[in-house]
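The values are calculated or read from the model by the stated rules, or taken from the named source; none is laboratory data. These numbers were taken from a predicted model, which means no experiment stands behind them. Cβ sites come from the backbone with ideal geometry, for glycine too, and all protein chains shown count toward neighbours. Side chains are part of the model used for accessible areas, which takes the heavy atoms of the whole protein and leaves out ligands, DNA and RNA. Shrake-Rupley method; radii C 1.70, N 1.55, O 1.52, S 1.80 Å.
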Amino acid sequence: LVGDTSKLDIDLIAALDIVEDVKRVQEPYKNANRKFHPEDTVIQVGNTQIGGGNLTIMAGPCSVESEEQVVAIAKAVKASGATMLRGGAFKPRTSPYAFQGLHEEGIRLLLEARAATGLPIVTEIMDAKHLPLFEDIDIIQVGARNMQNFELLKELGKLRKPVLIKRGMANTLQELLMSAEYVMAGGNDQVILCERGIRTFETATRNTMDLSVIPVLHQLTHLPVVVDPSHATGRWELVAPMALGATACGADGLIIEVHNDPEHALCDGPQSLRPGKFADMMEKVRAIRPYSDHSFTTGRVVV
Ligand code: PEP
Ligand code: MN
C-alpha cells in the first residue's frame, strides 16, 4: 500500500485470510524502497541492461557541439567499450552568457550519432515543454539542478521511458530517493540514480565524491546506481581513479565526459578525458569487472 498508510489498522489487515504478513515501511519512499521490491531493477536500453550487477558505461561530450564532434567521440568511446552515448543539448549553465547548448539541433545530432554507432543516447531535459523533442531519446537525464523540480518529475512519471536522476549538489540520499519516488508514483518505474558529487567546504575538487553512497543506495533501493566522476571531481586526471573506485564499490554504471579537443570544449573541458585516456581507463575498469558481450558483469557488493 502506498500513500498515507498511517491511519490503517495493521491488526485488522493482518486478520484477513489473504494476508500473510503486514509490515509498515517507515521510509517515505515506497516504490523506490528495496523492502517493497527486493530484486534489483534491471532496465533494458537497446542491447544494454542497466542494473542487476551489469556495469553500463555511458560516455561522450558534456555538450553536443557539431556533427563531426559528437559522431567522432561516439565512435571512439564505442571502440573502447562504452555502451551508451551521453551528450547535452540543453545545458544548465551558471552564467546566462555561457554556451547554452544546441537545443533541437543538438538532439538531432545525437540521433545521428546513434544512427552512426548504434549507441543509445542519454541527454538532459531542463523543461517539460521540451518533451516532444525527447521522443526518440533512450534515457532522459534530470540534472543535479533540477533534481527537485517536482513538476518536471511528475511529467516524466507519465512516460514509459527510463529517467536518470542526478543527485542535487546539496541533497541527501533520502531527497534523491523522494525525487525517484515522484517519477515512480506516476507509474514510470524505470528510474536510474546518479551520484555526481556534492558541495562541501572542500575547494580542491569541483565537488566532493562520496563512494559510500553506492553500497548505501544499494541497501535502501532496488534502483540502479550510476556514478559520474567527471562532475564529481571537475579534473580529468581524477576521473579514472574515481571511476575505478566506483567500479570496485559495485556501481551499476559510469557516466564519463569525453572530448576530442578538451582545450576548446564549449563546456567542461577541464574534466573531459581525451579518447585515448578513456580507453586506458576502460582497460583498468575491465580488470576490476569482467567483460562479456558488451556489458560488464559482476556480483553485487553485498552489504
Ligand atoms: C551534465 O551531465 O553535463 C551535467 C550538467 O551534470 P550535473 O547535472 O550533474 O551538473
Ligand atoms: Mn558537463
Completion exercise
Taking a ≥ b ≥ c as the square roots of the eigenvalues of the Cα gyration tensor, with a/c under 1.5 meaning rounded and otherwise prolate when a/b exceeds b/c and oblate if not, the range 86-226 is oblate
Practice task
Please build a GNM for the chain, connecting alpha carbons under 10 Å apart, and tell me which residue among 276, 51, 253 fluctuates the most.
Solution key: 276
Fill in the blank from the handout: Checking 245, 269, 88 against a Gaussian network model of the chain (alpha-carbon springs below 10 Å), the top fluctuating residue turns out to be 245
Fill in the blank from the handout: A chain fully extended from residue 264 to residue 208 at 0.36 nm per residue, minus the present Cα-Cα distance, gains in nm 17.6 nm
Handout entry: Prolate/oblate/rounded call for the range 236-276, Cα gyration tensor, a/c under 1.5 rounded
Key = prolate
Exercise for the section: Return the Cα extents of the range 1-142 along principal axes one, two and three, sorted largest first, each rounded to a whole Å. Expected result: 66, 36, 24
Practice task
Output the peptides 169-176, 92-99 sorted from most to least packed, where packing is the average of other Cβ atoms within 10 Å over each peptide's residues.
Solution key: 169-176, 92-99
Completion exercise
Rounded to the nearest 500, the 222 nm mean residue ellipticity computed for the chain from DSSP H runs (n ≥ 4, each -39500 (n - 2.57)) alone is -9000 deg cm²/dmol
Fill in the blank from the handout: Rounded to whole Å, √(5λ) for the Cα gyration tensor eigenvalues of the range 88-150, largest first, gives 21, 14, 10
Practice task
Name the cysteines of the chain that stand alone by the Cβ rule: no other cysteine Cβ under 4.7 angstrom.
Solution key: 194, 249
Handout entry: Pairwise FRET efficiency - residue 201 versus residue 97, Cβ, R0 = 41 Å, nearest 0.05
Key = 0.90
Completion exercise
Largest-first ranking of 114, 86 by accessible area, probe 1.4 Å, whole protein assembly kept, is 114, 86
Problem - the range 130-260 - percent relative contact order, Cα under 8 Å, separation 6 or more - result: 19
Problem - Rg in Å to one decimal, and Dmax rounded to a whole Å, for the chain via C-alpha atoms - result: 19.4, 68
Exercise for the section: Using only Cα positions of the range 214-297, each an equal point scatterer, no hydration layer, compute I(q)/I(0) via Debye at q = 0.17, 0.19, 0.22, 0.25 Å⁻¹ and quote the log10 values to two decimals. Expected result: -0.70, -0.84, -1.03, -1.20
Exercise for the section: Using a 1.4 angstrom probe, figure out how much accessible area the chain has per residue, in square angstrom, rounded to the nearest whole. Expected result: 45
Practice task
Rounded to the nearest Å, what's the spacing between the alpha carbon centres of the range 157-176 and the range 11-69? Just the number, please.
Solution key: 12
Problem - Modelled FRET efficiency - R0 41 Å, residue 288 with residue 7, Cβ distances, 0.05 increments - result: 0.25
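Apply the a/c threshold of 1.5 to the C-alpha gyration tensor of the range 36-95 and tell me whether it is rounded, prolate or oblate.
oblate
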